[in-house]
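Encoded as structure tokens, the structure appears first; notes follow it.
The values are calculated or read from the model by the stated rules, or taken from the named source; none is laboratory data. Please read all numbers here as calculations on a predicted model, not as lab measurements. Positions of Cβ are backbone-derived with ideal geometry, glycine not excepted, and every protein chain shown enters the neighbour counts. Quick note on the areas: whole protein, heavy atoms, side chains included, nothing else; ligands and nucleic acids left out. Shrake-Rupley method; radii C 1.70, N 1.55, O 1.52, S 1.80 Å.
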Amino acid sequence: MTSSSEFGNNLEQPNKTTSETGHAKNVANFLRLISYCHSLEEIYNPSNNRLKIAQLETLYHIALEKLNDVRTQKTNFDIHTNNRRKAFEDLKPFCTKITNAFAVSGVNKLILEDAKAVNKKIQGVVLKNTAETNYCSQQSYDRKIEHFANLTEILKQNTIYNPNEQELKIDSLQTKLDHLRTQNHNLINSYLLYSKALQERNQTLYNAESGLIQTAKEVKQYIKSVFGTNSSQYHQIRNIEFKVRTGE
């Protein structure tokens, strides 16, 4: 199972290996195949209920719905990706500004060092882990939210921090923290809906037993069985192309 931290790192980089137009082409070609079956009139009469024209048309319309749902959820995902990026884009300079305001508030130097250490994590400064002698940078969105929450808590617990600037006041910091959490949460939810739409589309088009591609293959086989491999009827549909495309 993918964790929310992994979501935070990877949500803005979905798989781009397959063009959505490939899926749409499969569906469009399925409609061509249905149209040809219609042209055969009563001669097209398979015993398999899945291959009857009414069922083929139902499958076609379901496939169209799944394609449209993927487009809708992809657009929604892109919107929330941009919203989250915008929400976080000023976090680093803003936290430096907060830390500087804390530094001139008269706070105890040890406490100031704690705030500076948190700010370094937000800035993405690579810190040496002396226990494991390796390096790490905690820059996922979940981590950024956690660090900003920690910085806000340090300021909240030190009442000497009381800037005159509204954007630096504790209530403004809490509002910003809530906004960051909301945008991160919205993106994760939109990704889950997008992922679900992709899975449902792939199931409709590419299920090995009942998907659109398999159904098209069986329709072709039926026409070949009725008219023969070298028949003009089979030649008209054998080159209608269907490809399995399970990527984005």
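Data for the structure
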quantity	calculated
Kirkwood-based shape ratio for the stretch 31-72, expressed as Rg/Rh from alpha carbons	1.09
Cβ-defined net charge surrounding residue 113, 14 Å radius [Lys, Arg +1; Asp, Glu -1]	+3
Estimated FRET transfer efficiency when R0 is 22 angstrom, pair residue 199-residue 85 (beta carbons, to 0.05)	0.30
Inter-probe distance in nm under a simple model that places probes 7 Å from Cα toward Cβ, at residue 240 and residue 78	3.1 nm
Within straight-line cross-link reach of residue 217, lysines at Cα separation under 24 Å, skipping those fewer than 8 residues along the same chain	25, 52, 66, 243
Solvent-accessible area, 1.4 Å probe, carbon plus sulfur percent, for the stretch 31-131	53 percent
Proximal lysines to residue 97, defined as alpha-carbon separation beneath 25 angstrom and excluding residues fewer than eight positions away on the same chain	86, 109, 116, 120, 121, 128, 144, 156, 169, 176
The stretch 132-248 - Debye-derived log10 I(q)/I(0), Cα point model, q = 0.09, 0.10, 0.14, 0.18 Å⁻¹	-0.56, -0.60, -0.79, -0.99
Nitroxide proxy distance, nm - points 7 Å out along Cα→Cβ at residue 189 and residue 28	3.6 nm
Calculated SAXS-style log₁₀ I(q)/I(0) at q = 0.12, 0.13, 0.16 Å⁻¹ - the chain, Debye, Cα scatterers	-0.78, -0.85, -1.08
